[in-house]
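Visitor: Before we start, here is the structure in question, set down as structure tokens.
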Amino acid sequence: MWQSIKIAHFVIVTTMLLFHGCSIYVSTTSKELKKNRFLVLAMYLSLSDIALGLELIYHSILVFMNSQGVSSQYQCLIIQHLVGGTIMSSLIQTLLICIDRVNATFTTQKGLLVLVCTNKGVLLYFILSHCIAFWRFGMATIDGPVPCDPKNTTTTLVFFSHDIPCLCIVVAIISCYGFVIYRMIRSQNVLQASSMTESQVAKKKANAIRTRRNAVTLGLIIAVSLVSVLPRTMLVFSLYMGNTSAITGTLALIFNNFFLLLNPVVDPVIYVLRIKKYRQYLLCKCLKNNSVTDATNSAAVH
């Protein structure tokens with residue numbers, strides 16, 4: 001059963017890497033999309049998800065090898081903790097997108113919020129989350145190597161150093177999103193009560209529509225994040241409280257191998273369905289590539 005799950009897991013992760021590869025290609029080759037800070041932060045989220053996919057593929061290879069050697073077990077252990085660090089980094093990226101949307105609701109952007117969401121900040125958070133993962137790996141090695149088993153990721157150490165911080169980040173994400181919705185409603189009420197010129201009203205309405213669309217997109221990303229993170233957190237908390245029934249092992253397999261993949265797999269699909277410019281540039285790139293291929297084939301025939 002474990003081998004079958006890892007095969008399905010490998011297929012899903014490979015598909016995820018393909019989706020995110022297309023997402024980054026579209027984002028980096030479009031000058032217009034690169035000017036949109038929301039999409040730039042979404043691209044960083046895709047990079048974090050790609051790192052997660054590569055780590056999971058390497059872990060699957062270790063499982064397929066089924067080596068009982070100490071070196072393989074230590075490799076498995078460090079990959080498990082690195083995966084946790086990358087998942088935490090992805091959640092932080094989602095939080096940064098929320099903070100950016102909060103800043104977008106103000107007429108004059110707040111300097112502190114801009115500073116938090118800078119490219120250097122994104123890199124710093126990625127490094128810090130993985131420093132925590134390396135510290136957790138160092139603590140785990142005190143007891144020696146352990147088999148490549150998903151149950152080994154539901155320990156007290158992981159609960160306090162990964163699951164609880166991730167839950168706090170999710171709460172912060174929900175709070176920021178709630179504040180964005182509040183600011184949108186308040187801005188709409190102010191717009192209706194204000195006496196502005198027609199051009200000012202039209203510009204204000206266009207900004208409000210754009211903010212509302214981004215808020216809906218962000219809401220979908222947050223919903224997927226909740227579904228992927230909360231079940232595992234509740235399972236680990238249940239184990240910490242002493243619930244060691246037979247079903248927890250099966251749940252650990254499902255949550256650690258499939259639920260945690262929901263966020264990175266679904267995010268690119270959300271971009272395509274919700275972001276019109278992204279969808280247009282994706283179609284444009286695909287049609288352009290097909291035209292180049294057709295022209296090359298025609299030239300080869302003649």
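The values are calculated or read from the model by the stated rules, or taken from the named source; none is laboratory data. Because the structure is a prediction, the values reported are computed rather than measured. Note: ideal-geometry Cβ built from the backbone for every residue, glycine included; neighbour counts use all protein chains shown. Ligands, DNA and RNA are stripped out before the accessible areas are found, and what is left, the full protein with its side chains, is counted by its heavy atoms. Shrake-Rupley method; radii C 1.70, N 1.55, O 1.52, S 1.80 Å.
Visitor: Only one of R212, R183, R232 is basic (K, R), at pLDDT 70 or above and open to solvent by less than 40 Å² (accessible area, probe 1.4 Å). Can you tell me which?
Guide: So the residue among R212, R183, R232 that is basic (K, R), at pLDDT 70 or above and open to solvent by less than 40 Å² (accessible area, probe 1.4 Å) is R232.
Visitor: Would you be able to tell me the number of residues in the stretch 107-125 that are part of a helix (DSSP H, G or I) and open to solvent by 70 Å² or more (accessible area, probe 1.4 Å)?
Guide: Residues in the stretch 107-125 being part of a helix (DSSP H, G or I) and open to solvent by 70 Å² or more (accessible area, probe 1.4 Å): 6 in total.
Visitor: Examine the stretch 41-58 for a residue that is free of Cβ contacts under 8 Å to residues at least 24 places away in the same chain and not in a helix (DSSP H, G or I), and state whether such a residue exists.
Guide: Within the stretch 41-58 (the criterion being free of Cβ contacts under 8 Å to residues at least 24 places away in the same chain and not in a helix (DSSP H, G or I)), the answer is no, since none of the residues qualifies.
Visitor: Something else: Mind checking whether some residue in the stretch 93-103 is crowded, with 18+ Cβ neighbours inside 10 Å, in contact with a Gly (Cβ under 9 Å, 6 or more places away or on another chain) and within 30 Å of I270 (Cβ to Cβ)?
Guide: yes
Visitor: Now for a separate question. Would a scan of the stretch 136-159 turn up a residue that is touching a Ser or Thr at 6+ places or on another chain (Cβ under 7 Å) and surrounded by 14 or more Cβ atoms within 10 Å (Cβ to Cβ)?
Guide: Among the residues of the stretch 136-159, at least one is touching a Ser or Thr at 6+ places or on another chain (Cβ under 7 Å) and surrounded by 14 or more Cβ atoms within 10 Å (Cβ to Cβ), which makes the answer yes.
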